[in-house]
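The values are calculated or read from the model by the stated rules, or taken from the named source; none is laboratory data. Since the structure is predicted, the reported quantities are computational estimates derived from the model, not experimental observations. Cβ placement follows ideal geometry from the backbone for every residue including glycine, while neighbour counts extend to all protein chains displayed. For the accessible areas, the whole protein counts, side chains as well, though only heavy atoms, and no ligand, DNA or RNA atoms are used. Shrake-Rupley method; radii C 1.70, N 1.55, O 1.52, S 1.80 Å.
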2 protein chains.
Amino acid sequence: MDSIVSDHSLVERLELSWPVEQWQGLTVLVAVSGGADSVAMACALSVLAGRGKADLVLAHFDHQWREESAGDAHFVEKLAGQLGCKHVKGQAGQQGFQNEQEARQQRYAFLLEMARSEGARFVVTAHTADDQVETILDRILRGTGLRGLSGIPRTRVLDEGIVLLRPLLCCHKAELKEYLDELGQEWCEDESNLDTDFTRNRIRHQLVPLLKSEFQPSVEESLLNLAELAGQTQQFLQSHAGQLAERAVTVARDDQQQKVTIDLSALASVPPLLVREMLVEIWCQLDWPRQAMGMRQWNQLLEMIQDETTPSSQTFPGNVRVTRDEKKSGGQLKLTRRLENIETKD
Amino acid sequence: MDSIVSDHSLVERLELSWPVEQWQGLTVLVAVSGGADSVAMACALSVLAGRGKADLVLAHFDHQWREESAGDAHFVEKLAGQLGCKHVKGQAGQQGFQNEQEARQQRYAFLLEMARSEGARFVVTAHTADDQVETILDRILRGTGLRGLSGIPRTRVLDEGIVLLRPLLCCHKAELKEYLDELGQEWCEDESNLDTDFTRNRIRHQLVPLLKSEFQPSVEESLLNLAELAGQTQQFLQSHAGQLAERAVTVARDDQQQKVTIDLSALASVPPLLVREMLVEIWCQLDWPRQAMGMRQWNQLLEMIQDETTPSSQTFPGNVRVTRDEKKSGGQLKLTRRLENIETKD
């Protein structure tokens with residue numbers, strides 16, 4: 001197979017995206033559903049792994065939400081055999097999932113567990129440029145700031161020494177299928193997403209084609225460029241918010257509670273945008289329920305900081321209690337979350 | 001008319017958006033095409049002008065691109081009479097316009113000229129939230145960064161002491177028509193935009209309704225919020241880029257040329273995003289042809305700064321000659337545009 005594969009530009013593009021020197025001699029856990037994208041990635045990575053003397057482990061998670069899923073698991077196991085790599089699998093708990101988000105959490109928990117037990121330094125998933133475009137459109141429609149607009153991140157630290165990577169974000173699904181056709185490699189058609197995320201599927205099958213054919217042929221490139229710029233800008237903002245937090249924020253935790261103190265005098269003459277970003281960072285760092293904070297709640301919180309006529313004490317989603325203390329020099333904002341309440345009050 | 005009008009919430013919303021204390025006793029030039037939006041704005045402003053002892057001048061620009069346009073001009077003149085305010089009009093030059101952009105330039109040149117001759121401190125136009133949503137969508141589809149994503153600006157300085165303002169960006173067209181219905185006030189139906197900007201009209205009549213009904217009822221709010229955030233972020237970036245320019249950029253002009261010198265040592269360890277923003281600012285300040293600079297050209301210019309292996313001399317659109325001089329301490333980038341060539345080589 002090597003000779004066909006290595007001539008194909010997909011392998012070269014993958015190598016450009018993720019040079020093999022960066023993972024030479026290491027173990028890489030490859031998330032493979034059995035669908036075209038992940039099968040193509042596994043095949044192309046196996047060529048590069050050969051060059052880089054790296055080890056691939058194909059990891060399949062069976063969501064068990066449709067009858068064919070056992071067949072997919074078997075297919076991935078066979079593929080691992082063909083490519084000469086190890087294979088691990090996991091499956092959903094007996095209760096299954098309430099929704100796509102829960103499925104996602106279980107899937108990533110499985111991947112992390114496997115990465116640990118296999119000693120993998122990288123976990124790679126086969127998200128494509130098409131997935132990125134759909135994600136960005138979905139978020140624009142539903143409402144997003146720059147953080148969301150920047151789309152699916154290319155890398156994310158999963159745990160100490162374990163990095164999640166998406167090396168195919170620069171490739172389109174069509175290229176991946178073309179590559180599989182040239183290889184004569186089969187894949188499993190995945191119908192599950194038709195059930196699991198209706199809006200997302202209509203964005204894929206209806207909205208994106210309409211925008212391309214009726215409005216702007218280059219709309220995908222426009223969205224990918226915008227996401228890139230939004231991501232860079234978000235990083236810039238975050239680094240400034242981080243510097244601000246170093247001056248203004250103190251975090252204390254004990255068994256019962258997490259307690260954040262914000263020195264309001266350090267926020268004078270700081271643009272509201274940056275204060276908001278710093279607040280979001282606090283929520284992220286402490287793993288407070290950020291999704292439950294809408295535009296309205298962030299604005300309420302900002303107002304507590306900027307406007308002394310607002311209530312001096314309010315409770316935010318996830319039972320985050322916020323109190324403004326004006327007696328302290330320059331003023332303080334105290335944010336407290338009791339840990340015992342987290343389970344029940346989220 | 002006063003009694004009906006002043007009870008209506010539109011007048012109150014307009015006052016919230018642009019408190020009458022900000023223009024008390026001043027002269028305001030109101031751009032009125034004769035369409036529903038601008039007629040509603042003129043009516044509502046005339047109530048507030050009465051309260052604030054301000055003077056309105058209705059300004060109509062006849063594009064002369066359709067037969068009914070003389071009728072529109074007459075309608076606006078009559079409206080001025082009804083509202084008891086002065087009226088001025090202008091019309092397109094004999095050659096007409098090549099395109100919508102040229103029409104826009106002539107229209108704003110007329111408004112500025114009238115503002116000067118009437119001593120108006122404000123020029124107001126009737127852009128609505130709907131116009132804003134369409135602008136943002138149009139730009140997203142065609143490709144934009146944060147600057148474009150922030151949409152139509154609420155205010156812009158036209159000239160010393162003359163500010164362009166769009167106080168209706170928070171109102172929807174439907175509210176404005178409702179207000180006119182309640183007043184029993186007529187307006188001119190404007191069919192011209194069907195001819196002049198085809199994509200824009202399809203965004204209005206096809207895409208926005210589809211997104212609202214089939215994908216996300218709140219999509220307009222999402223886009224307006226995103227634009228607001230993009231605008232705030234862009235300001236933050238620009239203020240940092242401005243500080244960077246103060247350290248790194250020197251501008252010299254004489255009769256023959258504009259010459260910009262960038263001290264490359266001041267750009268070390270500055271994120272590329274900020275360097276790019278600083279470059280865009282240079283183009284804006286010197287009125288160089290920014291539209292002709294695409295993503296590719298900005299990247300080429302950035303590479304000249306960051307990567308010494310790129311060509312040390314290149315010419316960019318509008319005949320901007322860029323040369324890297326590594327002999328100077330820390331390195332310099334020189335950007336030169338000869339004024340004699342501007343007319344012919346743009």
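Taken over segment A:204-214, the residue count meeting the criterion of being at pLDDT below 95 and in contact with a helix residue (DSSP H, G or I) (Cβ under 6 Å, 6 or more places away or on another chain) is 1. Within segment B:198-229, if we keep just the residues that are of a type in the set (D, E, K, R) and under 23 Å from the mean Cα position of the chain (by Cα), the residue that is farthest from the other protein chains (Cβ to nearest Cβ) turns out to be B:204. Of all residues in segment B:148-162, exactly one satisfies the criterion of being in contact (Cβ under 8 Å) with a residue 60 or more places away in the chain and away from chain A (no Cβ under 14 Å), namely B:153. Among the criteria (1) within 15 Å of the chain's Cα centre (by Cα); (2) within 14 Å of chain B (Cβ to nearest Cβ); (3) more than 23 Å from residue A:14 (Cβ to Cβ), the one residue A:134 does not fulfil is (3). Given the conditions (1) of a type outside the set (Gly, Ala, Ser); (2) touching a residue at least 40 places away in the same chain (Cβ under 8 Å); (3) farther than 29 Å from residue A:205 by Cβ; (4) open to solvent by 50 Å² or more (accessible area, probe 1.4 Å), report the number of the one that residue B:204 does not fulfil. Every listed condition holds for residue B:204 apart from (3). Exactly one residue among B:145, B:34 is of a type in the set (Gly, Ala, Ser), buried (at least 18 other Cβ atoms within 10 Å of the Cβ) and free of Cβ contacts under 8 Å to residues at least 12 places away in the same chain, and that residue is B:145.
Highlighted here are the strands (runs of 3 or more DSSP E) found entirely within segment A:241-317 that include at least 3 residues which are open to solvent by less than 60 Å² (accessible area, probe 1.4 Å): A:257-263, A:313-316. The number of residues in segment B:43-65 being in a loop (DSSP other than H, G, I, E, B) and either open to solvent by less than 20 Å² (accessible area, probe 1.4 Å) or of a type outside the set (A, V, I, L, M, F, W, C) (or both) comes to 4. Looking across segment B:320-339, the residues that are open to solvent by less than 70 Å² (accessible area, probe 1.4 Å) and in contact with a Ser or Thr (Cβ under 9 Å, 6 or more places away or on another chain) come down to B:320, B:322, B:323, B:324, B:325, B:330, B:331, B:332, B:333, B:334, B:335, B:336. Just give me the residues in segment A:233-273 being more than 25 Å from residue A:327 (Cα to Cα) and in contact (Cβ under 8 Å) with a residue 24 or more places away in the chain, in sequence order. If the condition is that a residue be more than 25 Å from residue A:327 (Cα to Cα) and in contact (Cβ under 8 Å) with a residue 24 or more places away in the chain, then A:233, A:234, A:237, A:238, A:240, A:241, A:242, A:255, A:256, A:273 are the ones that fit.
List the number of the failed condition for residue B:19; all other conditions in (1) open to solvent by 10 Å² or more (accessible area, probe 1.4 Å); (2) touching a residue at least 12 places away in the same chain (Cβ under 8 Å) hold. Just one mismatch for residue B:19, condition (2).
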